[in-house]
Amino acid sequence: MHAVLAVTDAFAASAPDHPAVALLAREEAALRRTIQRYVRDAASVDDLFQEVAVKVLRHLDTVRDPLAVRGWLFQLARNACLDHLRHADRHPTAPAELLSDRDATGDLGRQPGERLLSAERIAAVRRALAELPPSQREAIALRIDEGLDHDGIARRLGISREAVEVRLCKGRNRLRERLAEIIEGSL
Amino acid sequence: MTPHPLACEDVEPLLPLIADGAIAAADEPAAFAHLAACERCQEQLALHDLVELALTAAAPARPVRPRRRVLRLRLPWAAALAASLAAILAVGWAVQADRRAGMADRTLAERGGPAPSDTEVLTVPGPRPGTVVYVIRRGDQVVVVDPQQQAPARDETGVPVGLRRY
């Protein structure tokens, strides 16, 4: 963490007029709030913010429209969080019982001891998937389990791309509603 | 194209597709501009993301390609300066300059042993159009090199005067 922190600090000290420096200073609070929606551990939030900052330093010049910058920053922060959570899920660094006490992740966890992706919540989402109407379940399964894009799903099912997206959206909305109920019920 | 300001009811139908990976900021800049400013829509999207993470949690991990760390230099004296910095940092790393326009590759530092895995050189667009700045990082040591600094004077140790080291 400290090495990455030094990169942005060193850059800010040696190139204070760089547009990325002013942008990061202005948007840091909003970026950290976005990150904290997914990750609550303070050290991880710092790491992820610095990871985003380095990407801003390297790629800000690719954003042509100044009005699109904030949306671009939000995408960078969100993608960094999702990659972090996917990696954490596949490579846990501590036994599950310690993770549930220590790995407080995001507002969606509500309580400091909750784990965002507990085994119970994953199982609950999978059960909710099984309860979806067959057309919605099938579309989501092809997307998740086989990695087909929307055109691929459309060809497989013999329907239009628009119909695929309607099924995916309806199914995902149902799963989101079910997950919100689960979180409110602190499962 | 300037994004047109959107309201929550315009963005909410897009959230499942954003979580699905079908829509990125470049596709819908107005939607992402709204998300950047709207706590409510961010929370809804985060729920969709959690669904996506839960659904894919059992999927096999995709292989991750190791990142190549390559120093790309465009100015001869910046290449020599980077080699001096490598010696100063006591880094036994070897880098290869990738010279375009028909110039031959050059190895800037001798490989004195196994290349440290924590050495990284970032090429960052400079503050002026068409310029670059190099950020060399090894562990906790960081050096920023601005090739636009012309003909730097050197101190008694051979380090360019004015070069910041952290």
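Computed quantities for the displayed model
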read-out: Hits in the stretch A:162-181 - residues which are open to solvent by 50 Å² or more (accessible area, probe 1.4 Å), within 10 Å of chain B (Cβ to nearest Cβ) and among the basic types (K, R); value: A:K170, A:R174, A:R178
read-out: Residues being among the polar types (S, T, N, Q) and crowded, with 20+ Cβ neighbours inside 10 Å - total across the stretch A:124-159; value: 1
read-out: Residues within the stretch A:51-66 that are surrounded by 15 or more Cβ atoms within 10 Å (Cβ to Cβ) and either over 16 Å from the mean Cα position of the chain (by Cα) or among the small types (G, A, S) (or both), tallied; value: 8
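The values are calculated or read from the model by the stated rules, or taken from the named source; none is laboratory data. Everything numeric here is computed off the predicted structure, so don't read it as measured data. Reconstructed Cβ throughout: ideal geometry from the backbone, glycine too, with neighbour counts over all protein chains shown. When the accessible area is computed, the model is the full protein with side chains, heavy atoms only, and any ligands, DNA or RNA have been set aside. Shrake-Rupley method; radii C 1.70, N 1.55, O 1.52, S 1.80 Å.
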